[in-house]
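Comments concern the structure below.
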4 protein chains.
Amino acid sequence: MIIVMKPDHLAEDLNRVVTRLEELGLKAHLSAGEQRTIVGAIGDERVLRDIPLESLAGVEAVVPILKPYKLASREFKPENTVIRVNGAGTEIGGRHIQVIAGPCAVESREVLEEIAGTLHPLDVRFLRGGAFKPRTSPYSFQGWGEKGLKYLAGVREKTGMLVVTELMDPRDTVLLCKYADIIQIGTRNMQNFRLLTEVGNIDKPVILKRGLCATIKEFLMSAEYIMAQGNDKVILCERGVRTFETETRNTLDLSAVPLLKQLTHLPVIIDPSHAVGRADLVPAMARAAVAAGADGLMVEVHVRPEEALSDGPQSLRPNAFAAMMEECRRVAEAVGRTM
Amino acid sequence: MIIVMKPDHLAEDLNRVVTRLEELGLKAHLSAGEQRTIVGAIGDERVLRDIPLESLAGVEAVVPILKPYKLASREFKPENTVIRVNGAGTEIGGRHIQVIAGPCAVESREVLEEIAGTLHPLDVRFLRGGAFKPRTSPYSFQGWGEKGLKYLAGVREKTGMLVVTELMDPRDTVLLCKYADIIQIGTRNMQNFRLLTEVGNIDKPVILKRGLCATIKEFLMSAEYIMAQGNDKVILCERGVRTFETETRNTLDLSAVPLLKQLTHLPVIIDPSHAVGRADLVPAMARAAVAAGADGLMVEVHVRPEEALSDGPQSLRPNAFAAMMEECRRVAEAVGRTM
Amino acid sequence: MIIVMKPDHLAEDLNRVVTRLEELGLKAHLSAGEQRTIVGAIGDERVLRDIPLESLAGVEAVVPILKPYKLASREFKPENTVIRVNGAGTEIGGRHIQVIAGPCAVESREVLEEIAGTLHPLDVRFLRGGAFKPRTSPYSFQGWGEKGLKYLAGVREKTGMLVVTELMDPRDTVLLCKYADIIQIGTRNMQNFRLLTEVGNIDKPVILKRGLCATIKEFLMSAEYIMAQGNDKVILCERGVRTFETETRNTLDLSAVPLLKQLTHLPVIIDPSHAVGRADLVPAMARAAVAAGADGLMVEVHVRPEEALSDGPQSLRPNAFAAMMEECRRVAEAVGRTM
Amino acid sequence: MIIVMKPDHLAEDLNRVVTRLEELGLKAHLSAGEQRTIVGAIGDERVLRDIPLESLAGVEAVVPILKPYKLASREFKPENTVIRVNGAGTEIGGRHIQVIAGPCAVESREVLEEIAGTLHPLDVRFLRGGAFKPRTSPYSFQGWGEKGLKYLAGVREKTGMLVVTELMDPRDTVLLCKYADIIQIGTRNMQNFRLLTEVGNIDKPVILKRGLCATIKEFLMSAEYIMAQGNDKVILCERGVRTFETETRNTLDLSAVPLLKQLTHLPVIIDPSHAVGRADLVPAMARAAVAAGADGLMVEVHVRPEEALSDGPQSLRPNAFAAMMEECRRVAEAVGRTM
């Protein structure tokens, strides 16, 4: 950490900074420039995380040098993390790009089975579907709860597809773990720290969706929350950030893929459906995600989007999804991967 | 709701839209322009909230006309809501501008009492302090939990100051309600819908903080969530939104004050401390908030910011806070209010 | 255009709106719903563009139905525009994805030739390089002006590579047209309407870069400015928008590619270099751009980035660029194009 | 400037950084920590502005310590700049808060005189009005040019009100200087560096409006551009930045007032009209601006907003403006100023 002193700081201000660093077990390295004096803190600057050095008299700015996350960082673990969800063929983070598809919400057993029936023949190994739905309106359909989870498990039994579903409330953890193969933490809960702590204590892979306006650093800090509890099976999911643009629901930040690949060893997947919010733009963004190096795709598919209880406008119909899969496979091959 | 048809829609597409509206109990009103045919849905368009009309063939766009919230809207309740927290002199939303002040986190009984001792003589009637702290790092101080709540209640006993503290987890609701006079829902939980439902079922005023990138509409929808459960004592708190600017922690959106005053009957308060993230800018923004019409201020104060366990850099020292109070009082008078 | 009346509007307010529309040659179509009365304006709503109907008493909101641009819209011209810059093999917007590469600024004849010497063998047909540089600091290198243009033209003479360079000032138009094959309008000038008008009156293709926080609609309106003067050879370039994220210079909005392809017939290219601002992330985003359907790439290349007078950190070295070209070619093939 | 070396940098990488700094006349100060080695550049780091040290092998990050602007900084000139536009009573930046009001565009002599006739009795000393209008649509009214300037000058002759009008094109500089007392550089031209250079060479005060997504640092760099040419009469105008919020046209960043007051000695004014884009919210934001410490207000006023050729919806009617003036005067007094 670098502490920049104000041009008019007093000698005692500087002493106080140095003393404080030493109290904390760090060495202070002074460097008096022509215009500014700066103090380098030698040692593990993470002990300074919560120390408001900016509030000391004479301090102009405090500049951290190290990343605030550790377990999630590639510096800590240089090789890629490959998460094996359940037996062979279900690794996330390996050479094979996984696809997680299904409706936004589980609506009925019949519709779910109908949708899964279009996905399974395309070698989609993960079925998504919400049993508990975070909805912006209290008057919207909130999901079927355990009944929905049972429908998902029913499809798994028939098809072998693994179940991905969202946890919204720490009180539902045990229930979800009974049915789900992967637990999803949604965008609006990326900084629901209690929920992160909760899934840090289970033995299931977790898909962590990036918050609507979360920085990459905050995203990784939320992964760190989960990992700090002992669960290192975290899959990062970029799903669009909020910008000024209104033609798309959100703005997909695909540069997050190569950037995260540098900063962390965790797998990175892309949800183009929530990012753009319009079915017609999903296939192009899915192809781009594969080309950018994503380890997986999460896509909303519905047999009759015009009847979907949630997110209809962004759901692909089965034929459009099948075409997308074919296109993405060609791009995957072009970048040396399979799908 | 207005449905805009594509220029090349088929007659059967139009029929399907009309039929769908009629099935839902609405009347369809057609208007064939030179370049577009539009269909107006006559009736309560809220039944269309979850119907993905955009997914019907031939539909170009769907334009809602009504606001998606009802209980929170001024159209529904034209007069201002004044929330009486506890006896006379503690109304929020009336002519008197209330101030909620205190440290970010409750650190110790001594420090809390020391801080409260500087606030009480200034006629600050609400003490804030976090017992459960949402922290971006899992390695940061997370709050003292119930012990912190007891310290807060202890100060209330001595001074009569009312206690404002944050709820992070639905499992803590009963505990918090034992000690708190007002429950705060933090920025990162503005769309934690389970938590909103939870506080919708209690009989305590709730301060709902605007999410970092929540639109005004989403902010009001979250208030609607609480109100839809039966708790109409919701206080809206603008505390800065996230923008590209990095010199301040967030960007305080003060235009939210007059805008919310138009759209809703609920009280609106401002937290300048989290908005700017720097103590030196807080007083100017507090004055501006009062001038803009805010019903209250929420300000972080600490006797020794350089030792604060959380948010030190944005905490005012008691003398700066006292000066701010004096300035704000003059502005309050200038706009016909007291403080 | 739809005019939504306030719930409490007076009959005379409604009459005034209707009269106003009729004065402007439009027909008013009334639709009285349960909660709102709306007025549809039948006819070409573009005559309403500058009429502040919102200011009429009793009006709650005005909702445009048509796009504000015409010449640039795909509705106006359904087939793709292919711009032939100079003879065969230089079409932009066709099946072949064009690459425009070179240094940010023209620094010296030697360095420019050295860079071009690495590009030409890779079949890069367009050389970029700034002779007039928009720099955020008045103390930074501002470009060599005409001398730089001559160097660019010198390379064209030797290699046949076509010259792309930026126009910053309407007073330089004649000068630039002497040397350039394509004129670039930079991000910061996307809404420099005088400059747009200026290049609307020349007979050269124009690369129009999206503004840092320009919406897609504004972007197309700026294209419309150029086209309204008679120059329909406009190439749209997405180069990253500004968001809250600070790890990358900007956030590349790749969904702009499929979106623009729907809304307009104009070619769309991507500049990954300015978008991410870091050489290490450029190749992944170049591949993604190709997969998303971009018609071209604009990439900064420098033989010695550490000596570049501008934008060194985002410039690829020749070997990294060559590798990127190879990767992109494979992706181009996978999506049915050449590069 | 601080150069942070990668954890795995080579000794020769470090040597190269040190050598480079020494070549540039700086001293290198090494500080080898446990996790990172950092190099401090001692001397005026501004010589490093254009040196892409990030591109050197082994460098992880480059952290500037000094501000990139100098003439505009308060460090360079601690006392406030007060700009005397024309004789006594027209200072901007002093204790008296100035108001600049008028229509968006000069529409006709009659309307302009009618508007000015409502402003002058309220002691408004500056008349705004556009003769050259930057419009997002090429089909919108573009202003009357010199004829409009003459109308403005005509009002000055009759009333003594000083003229503020916008320069869009460097070719119009001489013309505008004939008529205007203050030249305005619009939001979309904040980084039109040629225009900045142009007004840096004239002897008139310049109102520089903040770009839609310009950071405070970029804003001050644009002021520096003007000042570096010799014109130090720069007035900074915050007028709203672009965010995700759509209920208001832009988001007024009022914290820019106290922040700029710290960083620079230049006067700071606020344009609430463009910020919110709705007349009904303007008065509250004007009061807030005064309370926050603004040196002036720039407000759009029109006698008949529903007929305005530009920006009608955000223009105040004369009676609303008069009420706003009265409210603002009371707030000004409360903060120790006059208006």
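Any read-out appearing in this document is the output of simple, stated calculations on the displayed coordinates, not a laboratory observation. Because the structure is a prediction, the values reported are computed rather than measured. Glycine gets a Cβ as well: all are built from the backbone with ideal geometry, and neighbour counts include every protein chain shown.
Couple of notes before you dig in:
- Taken over the stretch C:1-112, the ratio of Cα radius of gyration to 2.2 N^0.38 Å equals 1.84.
- Sequence-ordered 3J(HN,Hα) estimates for the stretch D:292-302 from the Karplus curve with 6.51, -1.76 and 1.60 and θ = phi - 60° stand at 6, x, 5, 8, x, 10, 10, 10, 8, 10, 9 Hz, glycine and proline given as x.
- Across the stretch B:80-96, coupling constants 3J(HN,Hα) worked out from phi with the 6.51/-1.76/1.60 Karplus curve, θ = phi - 60°, read 4, 8, 10, 9, 8, 6, 6, x, 5, x, 10, 6, 10, x, x, 6, 7 Hz, and Gly and Pro carry x.
- The value given for the stretch B:4-51 is a Kirkwood hydrodynamic radius of 11.1 Å, derived from the mean inverse Cα-Cα separation.
- Label-zone membership for the stretch B:114-156, site residue B:307, 7 angstrom Cα→C-beta point, backbone N under 16 Å: B:114-118
- Summarising the overall dimensions of the stretch A:189-253 from its C-alpha atoms, the Rg and Dmax are 12.7, 41 angstrom.
- With N the number of residues in the stretch A:139-212, Rg(Cα) / (2.2 N^0.38 Å) evaluates to 1.10.
- Label point 7 Å beyond Cα of residue C:114 along Cβ direction - residues of the stretch C:304-322 with amide nitrogen under 11 Å: C:304-308
- The residues D:251, B:246, when put in order of fewest to most other Cβ atoms within 10 Å, stand as B:246, D:251.
- With the simple model of a label 7 Å out from the Cα in the direction of the Cβ, residue C:217 to residue A:177 spans 4.9 nm.
- Residue list for the stretch B:120-146, given a label point 7 angstrom along the Cα-to-Cβ vector of residue B:157 and an amide N cut-off under 16 Å: B:146
- The protein assembly as shown - Rg (one decimal) and Dmax (whole number), Cα, Å: 30.4, 88
- Spacing of the modelled spin labels on residue C:95 and residue A:147, each 7 Å from Cα toward Cβ, amounts to 5.4 nm.
- Orphan Cys of chain A, criterion: no other Cys C-beta under 4.7 Å: A:104, A:177, A:237, A:328
- Normalised by the number of residues in the stretch B:136-224, the average gap of Cα pairs under 8 Å and 6 or more apart makes the relative contact order 22 percent.
- Computing FRET efficiency as 1/(1 + (r/R0)^6) for residue C:34 and residue A:203, where r is the C-beta to C-beta distance and R0 is 60 Å, gives about 0.65.
- Taking B:55, B:108, B:222 as the candidate residues, the one with maximal mean-square fluctuation in a Gaussian network model of chain B, Cα springs under 10 Å, is B:55.
- When both the stretch B:124-183 and the stretch D:270-309 are represented by their alpha-carbon centers, they are found 40 Å apart.
- Residue-wise HN-Hα couplings along the stretch D:307-318, as the Karplus relation 6.51 cos²θ - 1.76 cosθ + 1.60 with θ = phi - 60° gives them from phi, are 10, 4, 7, 7, 6, x, x, 9, 8, 7, 7, x Hz; Gly and Pro carry x.
- A helix-only calculation puts chain B at -9500 deg cm²/dmol for mean residue ellipticity at 222 nm, using -39500 (n - 2.57) for each DSSP H run of at least four residues, averaged over all residues.
- Using a cut-off of 30 Å between Cα atoms, the listed pairs B:70/B:147; A:67/A:209; C:204/D:233 include B:70/B:147; C:204/D:233 as exceeding that distance.
- Rough spin-label spacing in nm, given labels placed 7 Å along Cα→Cβ, for residue C:319 and residue D:122: 6.9 nm
- Exposure proxy order (Cβ contacts within 10 Å, fewest to most) of A:235, D:216: D:216, A:235
- Copy-to-copy label separations for residue A:262, where each label sits 7 Å from Cα toward Cβ, in nm and ascending: 3.0, 3.2, 4.4
- Legend: ranking of residues D:324, D:339 from fewest to most surrounding C-beta atoms inside 10 Å; resulting order D:339, D:324.
- Computed P(r) (all Cα pairs; the stretch A:137-178; 10 Å bins; percent): 25, 51, 22, 3
- Amide H to amide H distances under 5 Å link residue B:107 with B:112, where only residues 5 or more positions off or on other chains count and H is placed in the peptide plane.
- Neighbourhood charge, 11 Å Cβ-Cβ cut-off, centred on residue B:190 and excluding it, Lys, Arg +1 and Asp, Glu -1: +4
- Built amide H within the under 5 Å cut-off of residue B:298, gap 5+: B:100, B:270, B:271
- Principal axis extents of the C-alpha atoms in the stretch D:51-151 (largest first, rounded to whole Å): 68, 42, 19.
- Residues whose amide H lies under 5 Å from that of residue A:92, counting only those 5 or more places away or on a different chain, are A:83, A:84, A:85; hydrogens are built 1.01 Å from N in the peptide plane.
- For chain C, the calculated P(r), taken from all Cα-Cα distances in 20 Å bins from zero up to the bin holding the longest distance, is 30, 49, 18, 4 percent.
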